[in-house]
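The values are calculated or read from the model by the stated rules, or taken from the named source; none is laboratory data. This is a predicted model, so every value here is computed, not measured. Don't worry about glycine lacking a Cβ; one is built from the backbone with ideal geometry, like all the others, and counts go over all protein chains shown.
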There are 2 protein chains.
Amino acid sequence: MDKVKLVIVGGVAAGASAAAKARRCNEDAEIIMFEKGHDISYATCGLPYYLSGTIPKRDRLLITDGRFFKQRFNVDVMTRHEVLAIDREAQKVTVKNLTTGDNREEPYDKLVLAMGASAIVPPLPGVELPFVFTLKTLEDTDRIFTYLRDKNPETAAVVGGGLIGMEAAENLAQKGCKVSVVEFMPQVLTFLDREIAELVHQHLKYKGVNVYVSEKVTGIEERDGRGWIKTDKGREVPADLVIMSVGIKPNTKLARDAGLHIGPSGGIAVDEFMQTNDSNILAAGDCVESMNIVTGKPTLIPMGSAANKEGRAAGANAMGRQIAVKGFTGTVIVKVFDLAVAKTGLSEREAVSEGLSPLVTYVLSGDHAGYYPDAKELRIKTVADKSTKRLLGAQVIGAKGVDKRIDVMATAIYNRMALDDLLQLDLAYAPPYSSARDPVIVAGAIGQNYYAGDWIPVTPAELHQKMEKGDNFVLIDVRTPRELKKRGIIPGAVHIPIDDLRDRISELDPEKETILCCGVGLRAYVGNRLLVMKGFKDVKTLTGGINSWTYPKERYPI
Amino acid sequence: MDKVKLVIVGGVAAGASAAAKARRCNEDAEIIMFEKGHDISYATCGLPYYLSGTIPKRDRLLITDGRFFKQRFNVDVMTRHEVLAIDREAQKVTVKNLTTGDNREEPYDKLVLAMGASAIVPPLPGVELPFVFTLKTLEDTDRIFTYLRDKNPETAAVVGGGLIGMEAAENLAQKGCKVSVVEFMPQVLTFLDREIAELVHQHLKYKGVNVYVSEKVTGIEERDGRGWIKTDKGREVPADLVIMSVGIKPNTKLARDAGLHIGPSGGIAVDEFMQTNDSNILAAGDCVESMNIVTGKPTLIPMGSAANKEGRAAGANAMGRQIAVKGFTGTVIVKVFDLAVAKTGLSEREAVSEGLSPLVTYVLSGDHAGYYPDAKELRIKTVADKSTKRLLGAQVIGAKGVDKRIDVMATAIYNRMALDDLLQLDLAYAPPYSSARDPVIVAGAIGQNYYAGDWIPVTPAELHQKMEKGDNFVLIDVRTPRELKKRGIIPGAVHIPIDDLRDRISELDPEKETILCCGVGLRAYVGNRLLVMKGFKDVKTLTGGINSWTYPKERYPI
């Protein structure tokens, strides 16, 4: 085989995958991997859980080391070595030994860039204070761990409610800190639609976490030995420990300086074979941009799962293979205390901003058969294209079974399934695992009913707008009196329990626009069918029911 | 709308679904549902769990009742009414009131048959004894429940190791019985391949259940107040309680007597719209045959999930709709004590009997990241078509995360994905839910490696055959000495740990056929690559490794 020399820059996820795969493709290659940090191939995604002791030993985060890579794969691993520059013409890199400070040059035939991403640190007053941290690398984590052990902070603030922010909040709370999350946007987990994120807010609060959304941090201070965060609303949030988790950015300086193309999303531009615009240079992992296969547009997918896949392809292709990474549906999942929160594909908001006309369905169901013990409530929101029926995205939230449903949805979206085709899936059913009607199947059935013309949806936002405009319509809430007492009613709604609707139909005007509301949408749909078949001219169903209604409610009875 | 009259025969799963959906399609129809038993719409799949008290109250099994159906859907439900005959020409059925004994005739415009299936009771000596039961209906369950309560049997035997047999065994054991399972075939759960079923056998034994396979029950006896099962091997199995769970058969007599077509698999023949050969008669649920979309052949899918789907379509189509049920991948899942055992699509054995040439992969992995607490071992076996790459089937077994992986596989198979395309799926990753390399992704990667020519598989059966024939090859076990001590070694294997292989390559003959073995296949594959690239002419990897080796092993060191 070719005695090609492969240099890999970065040794965490993508870099390590590239090295191992390259060796399996070419036993005779010389492979050298430079890593700036102390360690290679560690469990970045496990770092927050080490802080709380959920992962009890630091060793467990270290998946493998240079010695293993030498033994198993004959790869030379150089940690504490930073690659400073690429000379594309001469095909060599300049590497600094961070221990000795010496620079050297390393020639390459093929180069794989896997520098990852870095935490963004906004230039805020006080951001340099010793109790302010980012949580991205093992070194970051060691610093926070030491601080927690030595200072035992009473309060902690997490700036930025993204994935790392949520994991930091949970683990710091488990460590005993009183935690506040401060988020600039109107919601945490901005990839979710608002009403789903609202459920996360509620859960965080239920778990004792303060949630401040639509608030911008203006500075961090230390006073009398305590830390404080100040926001643009004049709030002072106690914060003896601060995690800055406002986002990450791909590490592209090395590539940019070498004249490699950077894509519109800010990552190194690569084709599906992880090839940059230099035929000898490939790139993989958090530093590249990837393809979103729903939108067909480049995007950042800073996930360990993507890094492994891309690194593997880059390593193989550097050795002359042609392994494609076809793209991503943008699947994310995060544990937020007792909830799992997941999304794949597009949110409703993203679908609209892509110029699509989304059909939204909501399913509220047990994760498994209700008669079998320990069933937990699970919600699915699907977003489909109204005209083409194509499933565009799904959001799932609940205590159990969330990862299953999102993975089925991700597989469905990858295969460009239509929403109503979900109904055809033959999903595994036994009472401990699912219901005879799995919530994914139910989502498909709701879609099929829509495309058959059996119901017309009105979203909470549309209904709210109609109410504001003073439109002439009647809103009928078909839930039971008990549900209304417990959860309130939308202002102006008339109460007719679903099982009375058939008998009380004469009370209603078939000529008038009629909107039906229930808990999630099933009973409203049953009523919708009844009224339409009894000659009502204009009937709609509130999608998601009272469960997705984030506007004001009234008590019932008043 | 049409004032059509719909008669539904059977009110458990498919019948009840048909009734509710028919009403939502036609408010003016007259809908009448006859059910032979006392109850409608009860949780058939929950019955075994009621015996052990896992489902503590009988009420929980009763999902709904006739009163609800009348109120919500204006459906007349007649329980304890058996439909005896169909007069297709006159469009009427003869119905017997089982309470009064009276017969009456009921005309129909449309008829939906949903009679379900019945437990098969083989004509064995002693099968009529009072401690011998089937476990199919609520009435069956009530009888067993009463017997357990009154007689407190010490021992129980389950005849037939299918889905119901496994659930019965677990729940009777939890109730305190010493349980034996007697199965005529060489394995329980005959839809699984042998080496996967072997894991179920081991687990049953570990849980204190006696497993007797390849034994035919010849009779049941009572002696001195104790029950005994006798087998063709001369065994006497103590059995104070006997569950006959040898299989079920579709209830087709009514249809057959009326001249409706019965399909080759023994169920009522219907098209994808659940239409029989009489345009006014539809059928759904356990009494029909369904399409297996992998083989394209009709098959029985006696699952609650299928019954609901088919009933819904039948109810709609009886009202003039055209809802298709496109078919099933044959997904099953069953809880066997601490394990979940699942399958979708074809087993290796079924693929061979379909005339296909299957590529088999095995993945042994945690259900989630190993560094995050409580990860449990999960095994996936995939079966793909060697030439077309099409994923044909998957079997998954483990303590957690089994239902997720089988549902992803079912979705993949429905979409006719290629095995190597699994690698492209963007599955949800965070440490509590999965690994950076989800086992499904790993299966895809193994497939891609195969199709790239990176390894040639030899199955345990093929290797065993080569050993029997005395073929001239060398078998190298690349595991660690510790693993060999713990789990033994295949007779004749040479031990070279994977990390020593590169240095000890000169000990081996590159001209000789060389087969590599490890735990599951990953390290053997790494060694396979190394040897091939070093010029070895004929190298193969034992798929599934020592984990799938069901033939004799030797102790190591000897």
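Structural remarks
- Filter pass, residue B:219 being of a type outside the set (Asp, Glu) and either out of contact with any Pro (no Cβ under 9 Å at 6 or more places or on another chain) or in the same structural domain as residue B:108 (by TED's automatic domain parsing) (or both): no
- Apart from one condition, residue B:374 fits all of (1) within 12 Å of chain A (Cβ to nearest Cβ); (2) under 25 Å from residue A:391 (Cβ atoms); the exception is (2).
- Tally, over the stretch B:296-311, of residues that are surrounded by fewer than 19 Cβ atoms within 10 Å (Cβ to Cβ) and assigned to a loop (DSSP other than H, G, I, E, B): 1
- Within the stretch A:277-323, being within 11 Å of another protein chain (Cβ to nearest Cβ) and polar (S, T, N, Q) holds for A:290, A:292, A:305, A:308, A:322.
- When the residues of the stretch B:239-252 are filtered to those that are in contact with a helix residue (DSSP H, G or I) (Cβ under 6 Å, 6 or more places away or on another chain) and either of a type in the set (A, V, I, L, M) or assigned to a strand (DSSP E or B) (or both), the one that is farthest from residue B:116 (Cα to Cα) is B:243.
- For the stretch A:279-293, residues that are touching a residue at least 12 places away in the same chain (Cβ under 8 Å) and either assigned to a loop (DSSP other than H, G, I, E, B) or more than 21 Å from the chain's Cα centre (by Cα) (or both) total 7.
- Residues of the stretch A:30-52 classified as facing another protein chain (nearest Cβ under 10 Å), of a type outside the set (Val, Ile, Thr) and not in a strand (DSSP E or B), total: 7
Okay, residues lined up against (1) of a type in the set (A, V, I, L, M, F, W, C); (2) over 30 Å from residue A:245 (Cβ atoms); (3) in contact (Cβ under 8 Å) with a residue 24 or more places away in the chain; (4) surrounded by fewer than 22 Cβ atoms within 10 Å (Cβ to Cβ):
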{"site": "A:6", "(1), (2), (3), (4)": "yes, yes, yes, no"}
{"site": "A:23", "(1), (2), (3), (4)": "no, yes, yes, no"}
{"site": "A:26", "(1), (2), (3), (4)": "no, yes, yes, no"}
{"site": "A:35", "(1), (2), (3), (4)": "no, no, yes, no"}
{"site": "A:64", "(1), (2), (3), (4)": "no, no, yes, yes"}
{"site": "A:82", "(1), (2), (3), (4)": "no, no, yes, yes"}
{"site": "A:86", "(1), (2), (3), (4)": "yes, yes, yes, no"}
{"site": "A:94", "(1), (2), (3), (4)": "no, yes, no, yes"}
{"site": "A:100", "(1), (2), (3), (4)": "no, yes, no, yes"}
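- Residue A:326 of a type in the set (Lys, Arg), assigned to a loop (DSSP other than H, G, I, E, B) and within 11 Å of another protein chain (Cβ to nearest Cβ): yes
Residues checked against (1) at pLDDT 95 or above; (2) polar (S, T, N, Q); (3) farther than 30 Å from residue A:381 by Cα; (4) assigned to a loop (DSSP other than H, G, I, E, B):
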{"position": "A:195", "(1), (2), (3), (4)": "no, no, no, no"}
{"position": "A:201", "(1), (2), (3), (4)": "yes, no, no, no"}
{"position": "A:204", "(1), (2), (3), (4)": "yes, no, no, no"}
{"position": "A:220", "(1), (2), (3), (4)": "yes, no, yes, no"}
{"position": "A:237", "(1), (2), (3), (4)": "yes, no, yes, no"}
{"position": "A:254", "(1), (2), (3), (4)": "yes, no, yes, no"}
{"position": "A:273", "(1), (2), (3), (4)": "yes, no, yes, yes"}
{"position": "A:277", "(1), (2), (3), (4)": "yes, yes, yes, yes"}
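- Test: residue A:525 is touching a residue at least 40 places away in the same chain (Cβ under 8 Å) and farther than 14 Å from residue A:463 by Cβ: yes
- Hits in the stretch B:411-426 - residues which are within 22 Å of residue A:332 (Cα to Cα) and within 8 Å of chain A (Cβ to nearest Cβ): B:411, B:412, B:423, B:424, B:425, B:426
- Verdict on residue B:321 being charged (D, E, K, R), outside any loop (DSSP other than H, G, I, E, B), more than 25 Å from the chain's Cα centre (by Cα) and surrounded by fewer than 24 Cβ atoms within 10 Å (Cβ to Cβ): no
- Filtered residues of the stretch A:418-442 (kept if within 26 Å of the chain's Cα centre (by Cα) and either charged (D, E, K, R) or part of a helix (DSSP H, G or I) (or both)): A:419, A:420, A:421, A:422, A:423, A:438, A:439, A:440, A:441, A:442
- Residue B:333 satisfies every condition listed in (1) at the interface with another protein chain (Cβ under 9 Å from one of its Cβ atoms); (2) within 25 Å of residue B:115 (Cβ to Cβ); (3) within 18 Å of the chain's Cα centre (by Cα); (4) not acidic (Asp, Glu) except (2).
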